[in-house]
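Participant: Quick one: structure below, then a few questions.
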Amino acid sequence: MRQFTESDLENVYLGLSNPEVIKYYGVHFTTLDETRKQIDWFAELEKGETGIWWAVCSADNSMFYGSAGLYYLNRELKKAELGFWLMPEFWGKGIITESVQLAIEYGFKKMHLKRIEAEVETENVMSKKVLKKLQFVHESTKKECEIKNGYFISLEVYALVMS
């Protein structure tokens, strides 16, 4: 995992314009120019110290897999929200589980978090599997709490608390 750079613009666009990736993701883009907002957002998280996102790549940095990060950092409550996405051709290979584990370790060790949360659409079985594999606990379901594509959706809240 590494910080995002301007050279990642096209890869982020390819991911966040892919119908399979954005099916359960809250952000999507239709142009490279729109996608620049996402690259700027990654940079602003770090600059404002409100989170951090990484590009998930092969060890030699030749292959872009996706992204993982922590955001909505609340220093007083020592918590942040976890997010992640992966290009479909890399699904089922353990890449995102390994990357999210690294993000979690960073959150607890470097950011001194007590709690990491994740909100997942109820239909998103694959992301819920990743969270359960990493010992996140399903705490609640927020029923019909957001509108997506003109329909109400429910979000499941998962958390991992450092004891």
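The values are calculated or read from the model by the stated rules, or taken from the named source; none is laboratory data. Keep in mind the model is a prediction, meaning the values are calculated, not measured. Cβ atoms come from the backbone with ideal geometry, glycine included; neighbour counts cover every protein chain shown.
Participant: Does Trp91 meet the test of being touching a residue at least 12 places away in the same chain (Cβ under 8 Å), more than 22 Å from Val157 (Cα to Cα), surrounded by fewer than 19 Cβ atoms within 10 Å (Cβ to Cβ) and out of contact with any Cys (no Cβ under 6 Å at 6 or more places or on another chain)?
Facilitator: Judged against the criteria, Trp91 is a match.
Participant: Something else: Taking the stretch 67-85 as the region of interest, how many residues are within 21 Å of Asp40 (Cα to Cα) and more than 9 Å from the chain's Cα centre (by Cα)?
Facilitator: Selection size over the stretch 67-85: 4.
Participant: Among the residues of the stretch 111-153, write down those that are of a type in the set (Ser, Thr, Tyr) and either in contact (Cβ under 8 Å) with a residue 12 or more places away in the chain or touching a Ser or Thr at 6+ places or on another chain (Cβ under 7 Å) (or both).
Facilitator: Answer for the stretch 111-153, where residues must be of a type in the set (Ser, Thr, Tyr) and either in contact (Cβ under 8 Å) with a residue 12 or more places away in the chain or touching a Ser or Thr at 6+ places or on another chain (Cβ under 7 Å) (or both): Thr122, Ser127, Ser140, Thr141.
Participant: Looking at (1) closer than 16 Å to Tyr25 by Cβ; (2) out of contact with any His (no Cβ under 8 Å at 6 or more places or on another chain); (3) surrounded by 12 or more Cβ atoms within 10 Å (Cβ to Cβ), which one does Ile147 not meet, given that it meets all the others?
Facilitator: (3)
Participant: Given the conditions (1) surrounded by fewer than 16 Cβ atoms within 10 Å (Cβ to Cβ); (2) modelled with pLDDT under 95, report the number of the one that Asn124 does not fulfil.
Facilitator: Result: Asn124 passes all but (1).
Participant: Moving to a separate point now. Could you please give the count of residues in the stretch 16-27 that are surrounded by 17 or more Cβ atoms within 10 Å (Cβ to Cβ) and out of contact with any Phe, Trp or Tyr (no Cβ under 6 Å at 6 or more places or on another chain)?
Facilitator: Total satisfying the criteria: 1.
Participant: Any idea which of (1) surrounded by 12 or more Cβ atoms within 10 Å (Cβ to Cβ); (2) at pLDDT below 90; (3) among the polar types (S, T, N, Q) is the one Thr30 doesn't satisfy?
Facilitator: Tallying (1) surrounded by 12 or more Cβ atoms within 10 Å (Cβ to Cβ); (2) at pLDDT below 90; (3) among the polar types (S, T, N, Q), Thr30 fails exactly one: (1).
Participant: Right, something else. Gly48 versus (1) surrounded by fewer than 12 Cβ atoms within 10 Å (Cβ to Cβ); (2) within 21 Å of Glu156 (Cβ to Cβ): which is the lone unmet condition?
Facilitator: For Gly48, the failing item is (2).
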